[in-house]
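Throughout, read-outs are computed from the coordinates displayed, never taken from laboratory work. Worth saying up front: this structure is predicted, and the values here are computed from it rather than measured. Cβ placement follows ideal geometry from the backbone for every residue including glycine, while neighbour counts extend to all protein chains displayed.
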Amino acid sequence: MAGSSPDPAPDSLKRGVLGTRSLVFMVVAAAAPLTVMAGVAPLAIMIGGIGAPAGYMGAGIVLAVFAVAFTRMTRHVGSAGAFYAYIAKGLGKTWGFVAALLALMSYNTLQIGIYGLFAAQAKATLADVFGLDVPWPVIALAAVALVLLVAWLGIDVGAKVLGVLLVLESGILLLMAIGVLTHGGASGVDAKSFAPGALFTPGMGGVLAFSFAAFMGFESTVLYRREARNPERTIPRATYIAVGFMAVFYCFVVWSVIQAFGSGQVVSAAAGDIGGLFFTAIGTYVGSWAATVMHLLVISSVYAAQLAFHNAITRYTHALAQDGLLPAWVGKVHPRYGSPYRASIVQTVLAAAVIAVFAVAGADPYTQLLLWVNTPGVVGILVLQTLTAIATVAYFLRRNKAASTPVAVAAGIVSSVLLAVATFILVDSVGLLTAASATLNVVLVSIVPATMLIGGAVAVWLRKRRPAAYARIGEGDGETQPAPEGIPA
């Protein structure tokens, strides 16, 4: 079926509704640029000094190389299962199922964890602006319901919502940068951030850890293969645009906020007010009204990320159901909106349950729900990216003789090495992400290999006990009914 269809098949996602622009909005919104900048970049500056902007650019370059290999496989992968399908094609079905389970864990922990950030930010804003003291679990559960509502209405509605929110949050950051630069910064505009002495500092490893985390979700363009127009062209184009935009934008914005305080004073300023650095900058150079707007847009930025990750999770779930690896009912698509609404319900229930557990335990929404729950997801995504880079090399060396093969292989080799190094740096610096004890950090990181071991064990079981389901790993076309030999409901 080509183009958009008003009447999708019972288990087929709505076709041809996403162009390049919509895909870019979806994946950049998942990264939550305003939240990443206002909430995390000050810590990167405090740890790595004025060389922090280069860390974001460096991470972007590595991921751009990865994208070259990653997107070259798009035309060879019929499934909309992203990492799961790509790794299954390149490294085999057992590794594919490992990737599927790891992806579900990673995206769910990322999505659920940031409900803590949403609740913390919204609670503070409601108290400061309206004088209301609303319990954070109530706010978090309200956000869960709002995410479900927009996701239920279909990907085209979600893309429009994300597009508006992304323009607003990017616009406020750009406004801050323009204000700083037009006033000449605190002590003149300089390029000291890019001098060799600023780049090679002991804290740069920590900066890189935060930098790679800032790109989470860019690879999810391929999850929308079935809903994209001309996916062989729009998906690679959207991926390159998203990575390029984030790398340049992050680098520019972080450099601008350094100019706001001066290269000689910004580290101490960040250490003294790590949560308010960006708000102070925009308040000083644009006006107090802009600082208030930025506070409000941080909340919408987090919501945009929640919605984008929810959409990614439901596409993974739908792809696995189409391959017969999850119960058939999970893969059902809404007859009117063309959305994977049952997968949305499952993810919503899971998110609400986790929030309820943390609420009953009296946990802090930021330091515990956000930081603890997010950590396995961030590590897991980098592991998936590394495995996908390796899978592209294996796939093109074994199965494809196209003229583009040498480029894809070279990009895959380079990016797999660099991503493996980035994963090591992230794990080594995980304490910066969690602010937790060494023991807890080990537990949080161990969730990743534990998930992989469980995935491997289930894959072996499928190969022996349900060979038809095993044979379908990574092979779904997004249209067929779930295999009858799939894991039963």
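Can you count the Lys pairs in the chain with C-alpha separation below 23 Å, eight or more apart or on different chains?
Details: 14/160; 14/332; 89/401; 89/464; 93/401; 93/464.
Count of close lysine pairs: 6.
Expressed as an acute angle from 0 to 90° and rounded to the nearest 10, what is the orientation of the C-alpha long axis of helix 52-72 relative to the principal long axis of the chain?
For 52-72 against the chain, the angle is about 20 degrees.
Among 447, 473, 345, which comes first, then next, by fewest other beta-carbon atoms within 10 Å? Could you put the intermediate results ahead of the total?
Values: 447 19, 473 29, 345 15.
Ordered by Cβ neighbours within 10 Å, fewest first: 345, 447, 473.
With viscosity set to 1.567 mPa s at 4 °C, what whole-number translational diffusion coefficient in µm²/s follows for segment 16-151 from Stokes-Einstein and a Kirkwood radius over Cα pairs? Display every interim value, and only then the final one.
Working: Rh = 18.3 Å.
Calculated translational D: 71 µm²/s.
Suppose R0 equals 56 Å; then what is the FRET efficiency for residue 190 and residue 149 from their Cβ-Cβ distance, rounded to the nearest 0.05? Intermediate values should be presented prior to the final figure.
Details: r = 48 Å, r/R0 = 0.85.
Efficiency for this residue pair is about 0.75.
Would you kindly state how much longer the chain becomes between residue 128 and residue 268 on full extension, computed as 0.36 nm times their sequence separation minus their alpha carbon distance, in nm to one decimal? Write down the numbers at each step before the final one.
On the way: separation 140, 0.36 × 140 = 50.40 nm, distance 2.63 nm.
Contour length minus the Cα-Cα distance gives 47.8 nm.
Based on other C-beta atoms within 10 Å, arrange 223, 181 from fewest to most.
181, 223
How many nm separate the modelled label positions at residue 349 and residue 454, each set 7 Å beyond the Cα in the direction of the Cβ?
The two pseudo-label positions are separated by 1.7 nm.
What are the ³J(HN,Hα) couplings of segment 384-391, residue after residue, when phi is run through the Karplus curve with 6.51, -1.76, 1.60 and θ = phi - 60°? Round to Hz, x for glycine and proline.
4, 4, 4, 5, 5, 4, 5, 5
Taking other Cβ within 10 Å of each residue's Cβ, how do 383, 302 sort, fewest first? Kindly include the intermediate steps, with their values, before the conclusion.
On the way: 383 24, 302 27.
Ascending number of Cβ neighbours within 10 Å: 383, 302.
Mind pulling the angle between the C-alpha long axis of helix 20-31 and the longest principal axis of the chain? Nearest 10 degrees, somewhere in 0 to 90.
Tilt relative to the chain: about 60 degrees.
What length, rounded to one decimal in nm, is gained on full extension from residue 233 through to residue 398, with 0.36 nm per residue of separation minus their alpha-carbon distance? The partial results should precede the final answer.
Details: separation 165, 0.36 × 165 = 59.40 nm, distance 2.41 nm.
Length gained between residue 233 and residue 398: 57.0 nm.
What is the helix-to-structure angle for 93-130, meaning the angle in degrees between its Cα long axis and the longest Cα principal axis of the chain, kept from 0 to 90 and rounded to the nearest 10?
40
Set the Förster distance to 51 Å, then compute FRET efficiency between residue 465 and residue 289 from the Cβ-Cβ distance, nearest 0.05.
Numbers: r = 63 Å, r/R0 = 1.24.
Plugging the Cβ-Cβ distance into 1/(1 + (r/R0)^6) gives 0.20.
Under a point-charge model restricted to the Cβ atoms of Lys and Arg (+1) and Asp and Glu (-1), what is the dipole moment magnitude of segment 182-258 relative to its Cα centre, in debye to the nearest 20? Walk me through the intermediate numbers first.
Details: 6 positive and 4 negative charges, 55 e Å.
For this selection, approximately 260 debye.
Which distance in nm do the two modelled labels at residue 428 and residue 367 give, with both placed 7 Å along the Cα-to-Cβ direction?
My value for the distance between the label points is 2.8 nm.
Would segment 325-402 count as rounded, prolate or oblate if I go by the C-alpha gyration tensor, calling it rounded below 1.5 in a/c and otherwise prolate when a/b exceeds b/c, oblate otherwise?
Working: a/c = 3.79, a/b = 1.38, b/c = 2.74.
Since a/c reaches 1.5 but b/c is at least a/b, the shape of segment 325-402 is classed as oblate.
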